[in-house]
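Peer 1: Handing you this structure, nothing more for now.
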Amino acid sequence: RPCTLRELDRIPMPVVAPAPAYGKWLLDKGVSGQCVIEFYIDESGAARVPAVAETDFPELGILAIAAVETWRFEPPTSGNRPVLAKVRQTFTFR
């Protein structure tokens with residue numbers, strides 16, 4: 001089973017975590033708001049299976065997922081052993 005952040009030795013630190021693209025076309029349409037993505041960080045530090053948990057606009061969820069799919073972290077550990085961790089990330093688009 002995946003570990004929660006409370007069960008980890010420390011919060012996984014991002015190694016690669018580019019921000020989501022936020023194109024001018026979204027600004028021109030007046031699209032802004034928040035999006036929450038849930039995903040797993042595997043034992044090697046890769047972000048896996050991102051999914052939209054909440055979003056103000058579906059377009060924001062698509063952009064956030066595309067970014068998270070490229071993220072890499074220091075591997076999460078519990079008891080000094082690499083583990084699978086489930087996390088949530090909130091993005092704010094303005």
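Peer 1: Can you tell me which residue is nearest to residue 68 (Cα to Cα) among those in region 28-43 that are modelled with pLDDT of 95 or more and open to solvent by 60 Å² or more (accessible area, probe 1.4 Å)?
Peer 2: It comes out as 40.
Peer 1: So if I check each of 94, 10, which one is touching a Ser or Thr at 6+ places or on another chain (Cβ under 7 Å) and loosely packed, with under 12 Cβ neighbours inside 10 Å?
Peer 2: 94
Peer 1: Further, regarding this structure: Hey, among 23, 33, 45, which residue is on the phi > 0 side of the Ramachandran plot and in contact with a helix residue (DSSP H, G or I) (Cβ under 9 Å, 6 or more places away or on another chain)?
Peer 2: Checking each option against the conditions leaves just 33.
Peer 1: Which residues, taken from region 50-70, are among the acidic types (Asp, Glu) and farther than 15 Å from residue 38 by Cβ?
Peer 2: Matches in region 50-70: 56, 59.
Peer 1: Which pairs do you get when a residue that is at pLDDT 90 or above, found in region 15-26, comes within reach of a residue that is assigned to a strand (DSSP E or B) and open to solvent by 60 Å² or more (accessible area, probe 1.4 Å), reach meaning Cβ atoms under 8 angstrom, with the pair 6+ apart or on two chains?
Peer 2: Close Cβ pairs (under 8 Å, with a partner that is assigned to a strand (DSSP E or B) and open to solvent by 60 Å² or more (accessible area, probe 1.4 Å)) amount to 15/72; 16/72; 17/72.
Peer 1: Out of region 13-24, which residues are open to solvent by less than 70 Å² (accessible area, probe 1.4 Å), over 19 Å from residue 55 (Cα atoms) and in contact with a strand residue (DSSP E or B) (Cβ under 7 Å, 6 or more places away or on another chain)?
Peer 2: 16
Let's see how each residue does on (1) touching a Ser or Thr at 6+ places or on another chain (Cβ under 6 Å); (2) open to solvent by less than 50 Å² (accessible area, probe 1.4 Å); (3) under 22 Å from residue 4 (Cβ atoms); (4) among the β-branched types (Val, Ile, Thr):
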{"position": "26", "(1), (2), (3), (4)": "no, yes, no, no"}
{"position": "50", "(1), (2), (3), (4)": "no, yes, yes, no"}
{"position": "53", "(1), (2), (3), (4)": "no, yes, yes, no"}
{"position": "62", "(1), (2), (3), (4)": "no, no, no, yes"}
{"position": "72", "(1), (2), (3), (4)": "no, no, yes, no"}
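Peer 1: Would you be able to tell me the number of residues in region 5-22 that are in a strand (DSSP E or B) and over 11 Å from the mean Cα position of the chain (by Cα)?
Peer 2: Looking only at that region, the number is 2.
The values are calculated or read from the model by the stated rules, or taken from the named source; none is laboratory data. Just so we're clear, the structure is a prediction, and the values are computed from it rather than from any experiment. We place every Cβ from the backbone using ideal geometry, glycine too, and count neighbours over all the protein chains shown. Only protein heavy atoms, including side chains, enter the accessible area calculation; ligands, DNA and RNA are left aside. Shrake-Rupley method; radii C 1.70, N 1.55, O 1.52, S 1.80 Å.
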